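J.: Sharing a structure with you now.
What follows is calculated from the coordinates using simple rules that are stated; it is not laboratory data. Since we're looking at a predicted model, the values are computed, not measured. FYI the Cβ positions are ideal-geometry reconstructions off the backbone, even for glycines, and counts take in every protein chain you see.
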Amino acid sequence: MIICNHNQQSTQKLKKRILAVDDEPDVTLTLKLSLEETGLFDVDAFNDPELALSNFKPEVYGLLLLDFKMPKMNGYELYDKIKNIDDKVKVCFISAAYMNPENAREVFPFLKKIECIIQKPVEIPDLIGRVKAKLMWET
């Protein structure tokens, strides 16, 4: 029984924690359920970027999944505030509007470098593959 508890604790520690923020509840629910179903991730999902920011804790998340276009605060503004709290956290932006980093930089010229944009809609296996790659997880 102690061995079983130890294995459960070890598995729990191996999971990567993800913060997903999108103003569309169906998107955050899909992200959360799809990624957690793999058993590799724990996902905290928010539909309000300000609420996500107020709940953010440094050194907790391995990856942020942020929608670009949201009311109150866009995804880049949220990322900018979060990286001031935790500059090691990685980010993938999720967008229905921007097909690639160059398109995003046209709208957000202050972006220096965007490495990861996931186009909505995304197939679940592609989403999981992109998240694993961003976290440098061996597939």
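J.: For a quick check: sort LYS88, LYS32, LYS72, LYS15 by the number of other beta carbons within 10 angstrom, fewest at the front.
T.: LYS88, LYS72, LYS15, LYS32
J.: If you don't mind, there's one more thing I want to ask. Between ASP126 and ARG17, what's the calculated FRET efficiency when r is the beta-carbon distance and R0 is 22 Å? Round to 0.05.
T.: After rounding to 0.05, the efficiency reads 0.55.
J.: Using 21 Å as the Cα-Cα cut-off, could you pick out the over-long pairs in LYS81/LYS120; LYS15/LYS69; LYS15/LYS134; LYS15/LYS72; LYS15/LYS120; LYS72/LYS132?
T.: In this structure, LYS81/LYS120; LYS15/LYS69; LYS15/LYS72; LYS15/LYS120; LYS72/LYS132 lie more than 21 Å apart at Cα.
J.: For MET70, MET136, what's the fewest-to-most ordering of other Cβ within 10 Å of each Cβ?
T.: MET136, MET70
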